[in-house]
Amino acid sequence: MIFDYDTLKLIWWGFMGLLVIGFALTDGFDMGVGALLPFLGRTDDERRVIINSIGPTWEGNQVWFITAGGAAFAAWPLVYAAAFSAFYVALMLALFALFFRPVGFDYRSKLAHPAWRSGWDWALCIGGAVPALVFGVAFGNLLQGVPFHFDADLRAYYTGTFRQLLNPFAFLAGAVSLAMLAMHGATYLQLRTVGAIRERAARAALAAALGVVALFALAGLWIWAGIDGYRIVSANPGGLLNPLAKIVEKAPGAWFANYQSHPWMMAAPAAGFGGALLVVLASARGRALIAFAGSSVAVTGIILTAGLSMFPFILPSTSQPNASLTAWDAVSSHRTLQIMFWVVAVFLPLVTAYTGWVYHVLRGPVTPERVRQGGHTSY
């Protein structure tokens, strides 16, 4: 089966969204658990239980992030070039924070000294909280637009500074991301732990979910009242893959236009709010599986809300709006997208099935006794 070019562009926009959601749903609860580690674990045994709840799977979950970066390079090369220039310092900050995770997991229990273990516990907390915050800050800047432009040879130039990325709305988006993944991590701990840890995780999930509802609503109101969106005034003539061959303007309320044209898209923000409220109800009643399902729905809905609001824009430009990159003009060739489509169509179901099998094998609560019996195989 050979798809036409426009269909493949839309399919790859969906694939990229699927990879981001897959990363948030899997490695997201890993980061949330890490961010909550020093607060939910009161003793060394409790912290080892928390660490071992994600220990066997965190490396596999992080592959979603690597895959998303590789797919962006292959499918959206202009986005990859411009975004990694604009967010270079922020991404390096997230990357160095992520370095704490493999080192922390492997070295934390090598020595029994309390100061040693406490230091690595806080390192794991940083490795979970900082990337969650940075990814949200990046999305906040995407919704506002990024100061970059192209020259006549389509070389990208970023004209902003790292300090400009640290603006109030971006921090609000970062807070949404951090609260969202903390909620996801807390609901996961409800599934995988028992006793006092599970009770603390339930309270943390309830508080984080309420925070998600409040912060998500505040972000939406801020966009409505104070942030202009982007819209295409004239499309690329002949479908040329040249982002400069279109006219784009900024306009109040433009990020809400898709919801007016396609009311079914309202299901995304509804899922964001509804999933978080379900976490509140389920956590209060001790329904761990329902709470985790609600958290997964909320995470998916919030990410889809951002993607659907901006569609077809991927990386809007504030300094040269016509250079804004979209799903139609930032892509690779027809043949490249077609070949990669079949690679994804074959391997993504296999990876998903294998991941599901791993979690099925590793199901069940993690307890101090189980950790001690694991010997050198436990963290």
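The values are calculated or read from the model by the stated rules, or taken from the named source; none is laboratory data. What you see is a predicted model, and the numbers here were worked out from it, not measured in a lab. We place every Cβ from the backbone using ideal geometry, glycine too, and count neighbours over all the protein chains shown. Protein only, heavy atoms only, side chains kept; ligands, DNA and RNA dropped before computing areas. Shrake-Rupley method; radii C 1.70, N 1.55, O 1.52, S 1.80 Å.
If I require 18 Å or longer along the helix axis, counting alpha carbons, and a Kyte-Doolittle average no lower than 1.6, what helices from the chain are left? Use full DSSP H segments. Before the final figure, lay out each step's value.
Details: long enough: 5-40 (50 Å, 1.21); 58-75 (26 Å, 0.51); 88-107 (29 Å, 1.47); 114-144 (45 Å, 0.83); 168-192 (36 Å, 1.08); 195-226 (46 Å, 1.26); 267-284 (25 Å, 1.76); 288-310 (34 Å, 1.83); 334-361 (40 Å, 1.05).
Membrane-span-like by this criterion, though nothing is claimed about a membrane: 267-284, 288-310.
Excluding ligands, DNA and RNA, what is the solvent-accessible area per residue of the range 70-179 at a probe of 1.4 Å, expressed in Å²?
Working: 5070 Å² over 110 residues.
On a per-residue basis, the range 70-179 sits at 46 Å².
Can you order the peptides 290-300, 18-28, 192-202 by their average number of other Cβ atoms within 10 Å per residue, highest first?
Details: 290-300: 23.4, 18-28: 21.6, 192-202: 19.5.
The most tightly packed comes first, giving 290-300, 18-28, 192-202.
If R0 is 25 Å, what FRET efficiency do you get for Asp44 and Ala207 from their C-beta distance, rounded to 0.05? Could the numbers behind the result be given before it?
Numbers: r = 25 Å, r/R0 = 0.99.
E(calc), rounded to 0.05, equals 0.50.
Can you find, among Ile126, Ala112, Pro312, the residue sitting farthest towards the positive end of the charge dipole of the chain, where Lys and Arg contribute +1 and Asp and Glu -1 at Cβ?
Ala112
Ranked highest first by the average count of other Cβ atoms within 10 Å around their residues, in what order do 133-142, 106-115 fall? Write out the running numbers ahead of the final one.
Working: 133-142: 24.4, 106-115: 12.1.
Highest to lowest by the protection proxy: 133-142, 106-115.
Using all Cα-Cα distances in the chain, what percent lands in each 10 angstrom bin from 0 up to the longest?
For the chain, the pair-distance distribution reads 5, 23, 31, 24, 12, 4, 0.
Stretch Val89-Trp342 to full length: gain in nm at 0.36 nm per residue minus the Cα-Cα span?
That pair, Val89 and Trp342, stretches by 87.7 nm at full extension.
With an 8 Å cut-off on Cα pairs and a minimum separation of 6 or more residues, tell me the relative contact order of the range 1-64 in percent. Spell out each step's value before the answer.
Numbers: 25 pairs, mean separation 26.0, N = 64.
Taking the mean separation of contacting Cα pairs over the length of the range 1-64, I get 41 percent.
On full extension of the chain, what length is gained from Ala214 through Phe73, given 0.36 nm per residue of separation minus the C-alpha to C-alpha distance?
Working: separation 141, 0.36 × 141 = 50.76 nm, distance 3.50 nm.
Contour length minus Cα-Cα distance gives 47.3 nm.
Quick one: grab Rg to one decimal and Dmax as a whole number for the range 280-379, Cα atoms only, in Å.
So, for the range 280-379, Rg and Dmax equal 21.5, 61 Å respectively.
Please report, in debye to the nearest 20, how large the charge dipole of the range 31-127 is about its Cα centre when each Lys and Arg carries +1 at its beta carbon and each Asp and Glu carries -1 there. Could the numbers behind the result be given before it?
Values: 7 positive and 6 negative charges, 23 e Å.
Dipole about the Cα centre, nearest 20: 100 debye.
With contacts defined as alpha carbon pairs under 8 Å and 6 or more residues apart, what's the relative contact order of the chain in percent? Could you put the intermediate results ahead of the total?
Details: 596 pairs, mean separation 86.8, N = 379.
Computed over the chain, the figure is 23 percent.
Residues of the range 1-69: accessible area per residue at 1.4 Å, in Å²?
Values: 2650 Å² over 69 residues.
Dividing the accessible area of the range 1-69 by its residue count gives 38 Å².
So what is the 222 nm mean residue ellipticity for the chain from helices alone, if each DSSP H run of at least 4 adds -39500 (n - 2.57) and you divide by all residues, rounding to the nearest 500 deg cm²/dmol? Walk me through the intermediate numbers first.
On the way: 14 runs with 267 residues, N = 379.
So the calculated ellipticity at 222 nm is -24000 deg cm²/dmol.
Any idea what Rg and Dmax come out to for the range 1-75 if you just take the C-alpha atoms, in Å?
Every Cα atom of the range 1-75 included, Rg and Dmax give 17.4, 59 Å.
Amide H to amide H, which residues 5 or more places from Leu362 or on other chains are under 5 Å from it, using H placed in the peptide plane?
none
Counting other Cβ atoms within 10 Å of each Cβ, which trypsin sites (Lys or Arg not before Pro) in the range 216-290 have at most 13 and sit in a DSSP loop? Please list the in-between numbers first.
Numbers: sites: Arg231, Lys246, Lys250, Arg285, Arg287; in loops: Lys246, Arg285, Arg287.
Passing both the DSSP loop test and the Cβ count: Arg285.
Could you order Tyr188, Tyr157, Tyr5 so the one with the most accessible surface comes first? Probe is 1.4 Å.
Numbers: Tyr188 10, Tyr157 100, Tyr5 55 Å².
Greatest to least solvent exposure: Tyr157, Tyr5, Tyr188.
Please state the equivalent ellipsoid semi-axes for the range 114-237: what are the square roots of 5 times the Cα gyration tensor eigenvalues, largest first, in whole Å?
Details: eigenvalues 271, 76, 29 Å².
Gyration-tensor ellipsoid for the range 114-237: 37, 19, 12 Å.
In whole Å, what is the distance between the alpha-carbon centres of the range 277-303 and the range 139-176?
Value for the Cα centre distance between the two parts: 32 Å.
Per 0.36 nm of contour for each residue apart, how much would the distance between Gln373 and Asp4 grow if the chain were fully extended, relative to their Cα-Cα spacing? Present the calculation step by step, with values, prior to reporting the outcome.
Working: separation 369, 0.36 × 369 = 132.84 nm, distance 5.64 nm.
Between Gln373 and Asp4, full extension yields 127.2 nm more.
Compute the relative contact order of the range 207-267 as a whole-number percentage, counting only Cα pairs closer than 8 Å that sit 6 or more residues apart in sequence. Don't skip to the answer; put the middle values down first.
Values: 54 pairs, mean separation 18.5, N = 61.
Taking the mean separation of contacting Cα pairs over the length of the range 207-267, I get 30 percent.
Starting from the amide H of Ser317, placed 1.01 Å from N in the peptide plane, find each other amide H under 5 Å away whose residue is 5 or more places distant or on another chain.
Residues meeting the criterion, in which the H sits 1.01 Å from N, are Val146, Ser324, Leu325.
For His113, put the label point 7 Å out on the Cα→Cβ axis and report which residues of the range 31-60 keep their amide N under 14 Å from it.
none
What share of all Cα pairs of the range 63-150, in percent, falls into each consecutive 10 Å distance bin?
15, 38, 26, 14, 6, 0
Dipole size in debye (nearest 20) for the chain around its Cα centre, Lys and Arg Cβ +1, Asp and Glu Cβ -1? Write down the numbers at each step before the final one.
Working: 23 positive and 17 negative charges, 185 e Å.
The dipole of the chain has a size of about 880 debye.
Return the FRET efficiency for the residue pair Trp222, Phe96: r is the Cβ-Cβ distance, R0 is 35 Å, and the value is rounded to the nearest 0.05.
Numbers: r = 30 Å, r/R0 = 0.85.
Calculated value: 0.75.
Among Pro102, Val79, Ile66, which residue has its Cα positioned farthest towards the positive end of the charge dipole of the range 46-112, with +1 placed on the Cβ of Lys and Arg, -1 on the Cβ of Asp and Glu, and the dipole taken about the Cα centre?
Of Pro102, Val79, Ile66, it is Pro102.
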